[in-house]
Amino acid sequence: MLANRHCLHQALGLLDRLGDAQYASPRGAWSPVGAQLRHVIEHYQCFLEGLPEGRVDYDARRRDSALERSRHHARAAVIELDQALAGLVVPLERSLEVQMRCSADDPVASWSRSSVGRELQFLVSHSVHHFALIKLLIVGDGIELPEEFGLAPSTLAHLRPR
């Protein structure tokens with residue numbers, strides 16, 4: 001969970017560096033930074049909401065447009081997620097059922113077996129992927145982000161001097 005919390009702290013750092021327009025304005029044909037971060041936030045929300053019953057439905061995202069438009073709203077949501085993860089006491093090997101649609105044409109949602117630990121790994125990978133997209137969206141804005149922002153943990157480990 002430390003890696004997940006690290007991702008959330010990176011999101012807070014991003015929010016602190018962006019202005020409102022940089023956060024919420026579309027980038028040409030690309031969605032705004034806010035849409036990318038909303039997507040990450042809502043995956044964490046689905047994970048935490050599904051834990052009590054052991055059924056995580058990533059397609060049940062709220063798609064809260066306020067998270068896309070308001071850095072302050074997004075910041076509050078990220079802080080809430082970080083606090084929830086900090087207080088989470090659950091075995092990583094605990095079984096979960098997970099649902100995420102893999103095709104828009106799939107008529108029936110299918111559930112797969114997973115574990116808390118595996119889903120936390122997924123959430124890190126998913127967050128890093130969207131952070132890399134965010135980095136590309138703001139590359140010309142003169143915003144300095146930590147070098148590790150949007151880089152996979154395995155890439156960071158590979159780049160370390162040996």
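Structure data summary
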{"quantity": "Taking I134, I143 and counting other C-beta atoms within 10 Å, the order from fewest to most", "calculated": "I143, I134"}
{"quantity": "Structure-derived Cα extents along the principal axes in Å - corresponding label in [x] 52, 29, 24; [y] 61, 37, 27; [z] 44, 44, 30", "calculated": "[z]"}
{"quantity": "Segment 1-52 shape via C-alpha gyration tensor axes, a/c threshold 1.5", "calculated": "oblate"}
{"quantity": "Where labels lie 7 Å past Cα in the beta-carbon direction, separation of E148 and W111 in nm", "calculated": "3.6"}
{"quantity": "Difference of contour (0.36 nm per residue) and Cα-Cα distance, A3 to V89", "calculated": "29.4 nm"}
{"quantity": "Sites matching GluC sites (Glu not before Pro) across segment 74-162 that sit in DSSP coil, with at most 12 neighbouring C-beta atoms within 10 Å", "calculated": "E93, E144, E147"}
{"quantity": "Between segment 101-155 and segment 16-67, the alpha-carbon center distance in angstrom", "calculated": "11"}
{"quantity": "Cα lying deepest toward the dipole's positive end in segment 2-156, options L136, F47, G117, charges on Cβ", "calculated": "L136"}
{"quantity": "Label-to-label distance, nm, for residues given as C102 and A66 (7 Å Cα→Cβ offset)", "calculated": "3.6"}
{"quantity": "Positive minus negative residues near H73 (Lys, Arg vs Asp, Glu; Cβ under 14 Å)", "calculated": "+1"}
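Read the figures in this text as sums done on the coordinates, not as results from a lab. Just so it is clear, the structure is predicted and the values come from calculations on it, not from any experiment. Quick reminder, even Gly has a Cβ in these numbers, built from the backbone with ideal geometry, and neighbours come from all protein chains shown.
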